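Scroll down for the structure; my scribbles are underneath it.
Derivation of every value follows stated rules applied to the coordinates shown; laboratory data play no part. The shown structure was predicted, so the numbers you read here are calculated from the model rather than taken from an experiment. With ideal geometry, Cβ positions are generated from the backbone for all residues, glycine too; neighbour counts draw on all protein chains shown.
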Amino acid sequence: MNPPPHVVIIGAGFGGLEAAKRMHEAPVKITLIDRTNHHLFQPLLYQVAMASISSTEIAYPIRSIFQNQENITVLMADVTGVNLEKRIVSMGDREIEYDYLIVATGSQNSYFGHAEWTKHALGLKTLQDAFMIRRQILLAFETAEKLAPIQPVDDLLTFVIIGGGPTGVELAGSLAELSRRALSKDFRNIRPSSAKIIMIEGAPRILPPFPEEVSRLAEEKLRSFGVEVLTNTFVTDINEHGVQIGDRFIPAITKLWCAGVAPSPLSRVLGEQGVRLDKGGRIVLQKDLSIEGHPNVFAIGDIASYIQDGKPLPGLAPVAMQQGQFVGETIENQITGKDLKEFRYIDRGTLATIGRSSAVGNIGKTVFSGLLAWLAWLFIHVMNLVGFRNRMVVMLDWMWSYVTFQRGARLISDRGHHGAIDVELYLQEAISKHKQALGSSDGSGLELVSEEQSDDGKVSVPSIE
Ligand SMILES: Cc1cc2nc3c(=O)[nH]c(=O)nc-3n(C[C@H](O)[C@H](O)[C@H](O)COP(=O)(O)OP(=O)(O)OC[C@H]3O[C@@H](n4cnc5c(N)ncnc54)[C@H](O)[C@@H]3O)c2cc1C
């Protein structure tokens, strides 16, 4: 008997996971490869970044998801290459052959060619990014509290969000709540509620992919939370001290980047082998989501570009999920000789949350907002989380913050991976300036020590890596 066809899936995000699940009874052997050991529910990442929920509530081990699916092997590895001619996937030194390939590696942040901005404006894509943002924001308040008696701290208490898409809006709304509510009574030298939150969007309105009415409602709501919304505005420079927009410089230590995404680098690897890419670098798909000239190779989700009704589908979780299910079915149909179909995305509506009990969204042309939209958003997100425990814990966390206005995940303890963190730099500069002004080396009583050294009685600031 011939061995079953080998299906290799690269990426266990929304698309890859659905494809693998759809083939649970197919006569195939599946290898699912991901560089992390967990599936990440990215739509709730901003809640980790804003200290509302903890990371384990939105990340689930891939192995556990498939422990009962016998036709699947999970590998934790970084895919470094694909050879379409030889039908080989490389993971550094290790190679595996495939009969069918599904590329589902998603997207990454794009800084529009300004690599130097990456270290000043944190993006939000992975758990590590969320930890870094949470750490940066909480440290900004801590540092401001420490320095407020000796110098102005406006730049520490100014938060600039670059990009007014759904992630930017969610971050801005949540940051407004954090500063106006959760932290409002915790400090003595500063007033967190006076923190400035500025959102910058290049398009004429925020939430550009949504209907105009949704954008208007979202902007109104953000303004009511005290967020300054700048539209038709382009960032021309970002450095450690702030953000330049035309003639205006906004002094801000914390800058968050929500402005652009680019496909995962694997699209370029395929492009170099003659695969057609669109102008944003995404893989152009056939009607059955395969790649032209390679009926056994599929791309799904954020890495791919599928034109429906004259427009490319947006980079959304439901698009990736529906494409994953479709490709799983298509491969099974190819193997069992059944008829093949054309993919068609079914849009069930889009929602974006702006904060406590407030969201905006649309189903077709119907726009809705407020508590109802927020409850719908909450229900959909909780139901889509992997794992019953996660659903329960997230529900409890949200109920807790709803009633108490508190954030459960406010500890500063994570070690980050970013090389340069502005708060620490700022603090060191501020301390040395202050010491110089006093003409002494220890007159300020301020010392920068790491968490490990902090039991020596000195005022301590957690160190950042
Ligand atoms: C902060 C944020 C908020 C969002 N909010 C929403 C929302 O509210 N609603 C919505 O519909 N969509 C939202 N999205 C978009 C949505 O998450 C994406 O459209 C969706 O995740 C795309 O699914 P995917 O399968 O293509 O890729 P992903 O889900 O990103 O999965 C890609 C997987 O590939 C793995 N991978 C990447 N490269 C490699 C490699 N070389 N080797 C091995 N593994 C690799 C990654 O580790 C990851 O697990 C949001 C995205 C972000 C970042």
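Report, largest value first, the span of the C-alpha coordinates of the stretch 103-179 along each principal axis, in whole Å.
Here the Cα extents, ordered largest to smallest, are 54, 28, 21 Å.
Rounded to a whole number of µm²/s, how large is the Stokes-Einstein D of the stretch 247-297 at 10 °C and 1.306 mPa s, given Rh as the Kirkwood radius over C-alpha pairs?
116 µm²/s
Would you mind checking the stretch 61-102 for residues with the amide N under 19 Å from a putative spin-label position 7 Å along Cα→C-beta of Thr118?
From the stretch 61-102, the list is 78-81.
Relative contact order for the chain: what is it in percent, counting Cα pairs under 8 Å that are at least 6 residues apart?
Contact order relative to length: 19 percent.
Beyond 31 Å, how much of the Cα-Cα pair distribution for the chain remains, as a whole percent?
47 percent
Report the equivalent ellipsoid semi-axes for the stretch 228-367 in whole Å, largest first, defined as the square roots of five times the eigenvalues of the gyration tensor built from alpha carbon atoms.
Equivalent-ellipsoid dimensions as semi-axes: 37, 22, 12 Å.
Grab the DSSP H runs of the chain that are 4 residues or longer, score each as -39,500 (n - 2.57), total them, divide by all residues and round the 222 nm result to the nearest 500 deg cm²/dmol.
So the helix-based figure for the chain works out to -9500 deg cm²/dmol.
Of Lys86/Lys125; Lys196/Lys279; Lys119/Lys196; Lys221/Lys365; Lys255/Lys311; Lys21/Lys341, which sit over 25 Å apart, Cα to Cα?
As for pairs spanning more than 25 Å Cα to Cα, those are Lys86/Lys125; Lys196/Lys279; Lys255/Lys311.
Whole percent per 5 Å bin, from 0 to the bin with the longest distance: what is P(r) over all C-alpha pairs of the stretch 127-266?
Bins of 5 Å from zero give 2, 10, 19, 22, 19, 15, 8, 3, 1, 0, 0 percent of pairs.
How high is the FRET efficiency from Leu371 to Ser194, r the C-beta distance, R0 30 Å, rounded to 0.05?
According to the calculation, E is roughly 0.60.
Normalised by the residues of the stretch 27-104, what does the relative contact order come to in percent, with Cα pairs under 8 Å and at least six apart?
31 percent.
So what is the relative contact order of the stretch 176-335, in percent, for Cα pairs below 8 Å that sit 6 or more residues apart?
Relative CO of the stretch 176-335 lands at 11 percent.
Per the Cauchy relation, a quarter of the hull surface: what is the mean projected area of the convex hull of the alpha carbons in the stretch 1-43, in nm²?
Convex hull of Cα atoms, orientation-averaged projection: 3.4 nm².
Quick one: order Trp257, Trp117 by neighbouring beta-carbon count within 10 Å, fewest to most.
Final ranking by Cβ density, sparse to dense: Trp117, Trp257.
What size of dipole, in debye to the nearest 20, comes out for the chain about its Cα centre when the only charges are +1 on Lys and Arg C-beta atoms and -1 on Asp and Glu C-beta atoms?
For the chain, the charge dipole is close to 1000 debye.
Putting +1 on Lys and Arg Cβ atoms and -1 on Asp and Glu Cβ atoms, find which of Phe379, Ser369, Ile331 reaches farthest to the positive end of the dipole of the stretch 318-405.
Selected residue: Ser369.
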